[in-house]
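Only the coordinates and a few stated rules stand behind these numbers; no lab work does. Here the structure is a predicted model, which means the values were calculated and not measured. We place every Cβ from the backbone using ideal geometry, glycine too, and count neighbours over all the protein chains shown.
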Amino acid sequence: MTSPRRPQPPTATESPVAHRVLVLAPHYDDEVLGCGGLILQLAAGGARIVCAFMSDGSGGVEGPPEGSTREQYSRRRRKEADEAAAALGIDSVVHLGHRHGLQDGALASSLDELTGHIETLLQEHRPDLLLVPSPLEVTPDHRATFRALHEALINGRQGRTEGGEPLPSQDDDSSPGDLTLRVLCYEVNHPFYPDLLVDVTAELDGVVEAMSHYRSQLERHDYMGSCRGLRRYRSLTVPDPCRYAEGYCQLTANDFTTRSPAQLIAYLGGAPSLVEVASPRRVSIVVRTYNRPRRLAEALDSLALSSYRNVEVVLVNDGGRRPEVAEGFPFEVHRVDFAENRGRSAAAQAGVEAATGDCVGFLDDDDLLAPEHLESLTAMLGDGVDVAYSDAAVVCYEPGTNGWKESSRRLPYSRDFDRAILLLDNYIPFHTVLMTREALERAGSFDLELPIFEDWDLLIRLSRSSNFVHLARTTCEYRHFLDGAADGPSGGHALGGAASARPDFETLKAKVLSKHATDLGPEALARAVTRMRRQAVLAGEAARARIRERQQDLERVRASERKRGAEIERLQARERELESSHAERGAEIERLQARERELESSHAERGAEIER
């Protein structure tokens, strides 16, 4: 399952550094309420800051105040936003909602358009820091802005050739512009679990001044109280002299591209609001398991959250202890129990034979499905498409003090369907696939002589008579457990550990290649090699571009450090001047005090002389 990220409250503050900052504000004033103090700090540090307002400010659900039209109200709020931006040190303001007619209170209904505009902002400004409202916010426009950013980062994760051909995924799953992108979620009307606190005590007056420009909003709500109250609350876990702090959740582009929207909300500690969708086709999910009760429970829990509900589970126990299914599991379960271990192929085939659904998918006992997985893939089947597949995040876990902890998360297998390349190597994780029963029947049974690669072999045979479509969205997790067993007799992946560790790994791979050698003629092989070579070259160029960008960012950091170093030297020189001046003044004071003592002594002598 996607474990909620609920860190202990930070007990110290940090000061983020950035050069190019993009602020996404659903409404006029969100930038002040949510991250005004940090914006002031970044501006003082020399960052170039762009603030884009997503909606038109026409009033939303509340509507404009009495005596004002929506256009008049919007115009007034735009003027206030420009004044507040100047007070915060923002370099450029983009009135996105006004420019494109995105109405206040209705961003969710324009999600695709909003996503496109955010993609454009990312391409134009190439930020290294992005500020966005948390998806846990109460206001729908705030959640829609986060969702649109999620979609924009997914859409931008892969470059394309001039002919439209996708570049291969990189292990860090970042496009050149996303490699150094840091995303900070801010809070406005729903507190979350922050893992970063920024001391804004010195900036509070500036935040209040910026908020004072939003007179139209202060007439309606006590936003000044909100400015102070939430920041005061956030400072309670850090020592003095911090009296006001802003809380943030830290994310990277990789967090967006390797999790579905529902998974990311759950990761941030929220409860995604999933709507059960119409489920006309019955889907059978074949779950293979072998002595991994805890991992199996997690896999079934992930399936139980599916927004698609017309599901049956075929649970194939491959010769292990009889697994239990949690009470209240929402789907019908058919059991297949082997008396002894018969291997991956036999377990998969037995599951298919017991399945009654119109569509069939597979889930091994230590992998996970996102709530959107079945909904997304069933919608793609039909109109000549028999096989649909999505992307899987490869997540590695290592032993920690409190159980297994995530050590890495990446997306190495995202590729649009290419049969020639499939004939050379498998790039489709099997639990990302959903196929029609008709397609499966045309392809035939699993090859029981293959202890591994049974999924690759079946996919090749499916591709002979069925059309494939790829959904470039992460809806699955492919989990690896490192350094020992993961709830069972073997580490690695389900049903026997890492396949590549087998001594006959290459022999069995050669067997599959030989089995389908006639499918890959010289021309198809040449095309596949050409595409793979071109993609390797393009991937190298993209990597070099990322290195250049990193070097440029590093040089900017060094230039900033040199500038700060020069400023520190200037201040130190001034301090020495003041100390020298202070020393001179001290010597002068001592001289005057000595003179004063001399005068007092002389005065005393004269007094004594007079008395005498």
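Counting DSSP beta bridges in the chain, what percent are antiparallel, to the nearest 5?
Looking only at bridges with both residues in the chain, the antiparallel portion is about 35 percent.
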For S414, the residues 5 or more places away or on another chain with a placed amide H closer than 5 Å to its own amide H are S169
Which residue, L513, G105, S602, has the largest displacement toward the positive end of the dipole of the chain when charges sit on each Cβ (Lys, Arg +1; Asp, Glu -1)? L513
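When S15, S408 are ordered from fewest to most other Cβ atoms inside 10 Å of their Cβ, what list results? Intermediate values should be presented prior to the final figure.
Values: S15 10, S408 15.
Ranking S15, S408 by Cβ neighbours within 10 Å, fewest first, gives S15, S408.
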If unit charges are put on Cβ atoms (+1 for Lys and Arg, -1 for Asp and Glu) and the dipole of the chain is taken about its Cα centre, the option from A253, G351, L369 lying farthest towards the positive end turns out to be G351
Kindly put R70, R597 in sequence by how many other C-beta atoms sit within 10 Å of each C-beta, fewest to most. R597, R70
Gain in span if fully extended, R342 to K79, counting 0.36 nm per residue against the direct Cα distance: 87.5 nm
About the Cα centre, and with charges only on the beta carbon of Lys, Arg (+1) and Asp, Glu (-1), how big is the dipole of the chain? Nearest 20 debye, please. 940 debye
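Given Cβ point charges of +1 (Lys, Arg) and -1 (Asp, Glu) and nothing else, what value in debye, to the nearest 20, does the dipole of the stretch 243-330 about its Cα centre take?
Working: 11 positive and 9 negative charges, 47 e Å.
The calculation lands at about 220 debye.
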3J(HN,Hα) from dihedral phi, the stretch 317-322, Karplus parametrisation 6.51/-1.76/1.60, rounded to Hz, x for glycine, proline: 8, 7, x, x, 4, 5
Inter-probe distance in nm under a simple model that places probes 7 Å from Cα toward Cβ, at A526 and A594: 10.1 nm
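Taking Cα pairs under 8 Å and at least six residues apart, what relative contact order does the stretch 20-267 come out at, in percent? Don't skip to the answer; put the middle values down first.
Values: 446 pairs, mean separation 57.7, N = 248.
With pairs under 8 Å counted, the relative contact order is 23 percent.
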Percent relative contact order for the stretch 283-525, counting Cα pairs under 8 Å at least six residues apart, stands at 24 percent
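Based on the Cβ-Cβ distance from M380 to A202, what FRET efficiency comes out when R0 is 41 Å, to the nearest 0.05? Intermediate values should be presented prior to the final figure.
On the way: r = 53 Å, r/R0 = 1.30.
Calculated value: 0.15.
Would you work out if the stretch 283-525 is rounded, prolate or oblate? Take a ≥ b ≥ c from the square roots of the eigenvalues of the alpha-carbon gyration tensor; rounded if a/c is under 1.5, else prolate when a/b is larger than b/c, oblate otherwise. Walk me through the numbers before you get to the answer.
Working: a/c = 1.41, a/b = 1.21, b/c = 1.16.
The shape class here is rounded.
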Whole-Hz Karplus ³J(HN,Hα) for the stretch 412-420, in order, using 6.51 cos²θ - 1.76 cosθ + 1.60 and θ = phi - 60°, x for Gly and Pro? x, 10, 8, 8, 5, 5, 9, 5, 4
As an exercise, identify the GluC sites (Glu not before Pro) in the stretch 314-423 lying in DSSP coil whose Cβ has no more than 12 other Cβ atoms within 10 Å. E324, E327, E340
Simple spin-label estimate for A573 and L448 in nanometres, 7 Å along Cα-Cβ: 8.7 nm
Looking at (i) 233; (ii) 192; (iii) 145, which value of volume of the Cα convex hull per residue in Å³ comes from a calculation on the structure shown? (i)
Isolated cysteines for the chain, Cβ-Cβ cutoff 4.7 Å, are C35, C51, C227, C242, C359, C396, C476
Just flag the GluC sites (Glu not before Pro) in the stretch 424-486 sitting in loop per DSSP whose Cβ has no more than 14 other Cβ atoms within 10 Å. E449
Once amide H atoms are built 1.01 Å from N in the peptide plane, which residues 5 or more positions from T252, or in another chain, come under 5 Å H to H? V183
Using the Karplus equation 6.51 cos²θ - 1.76 cosθ + 1.60 (θ = phi - 60°), what ³J(HN,Hα) coupling, rounded to whole Hz, does each residue of the stretch 273-278 give in order, writing x for Gly and Pro? 8, 9, 9, 5, 9, 4
Check the straight Cα-Cα distances from K515 and name the aspartates and glutamates below 20 Å, setting aside those fewer than 8 residues away within the same chain. D418, D425, E441, D447, E449, E454, D455, D457, D504, E506, E523
For K511, K563, ascending order of other Cβ atoms within 10 Å (fewest first) is K563, K511
Per the 1/(1 + (r/R0)^6) rule, R0 = 51 Å and r from the Cβ atoms of L482 and R419, FRET efficiency to 0.05 is 0.95
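If R0 is 51 Å, what FRET efficiency do you get for F505 and A108 from their C-beta distance, rounded to 0.05?
Efficiency for this residue pair is about 0.60.
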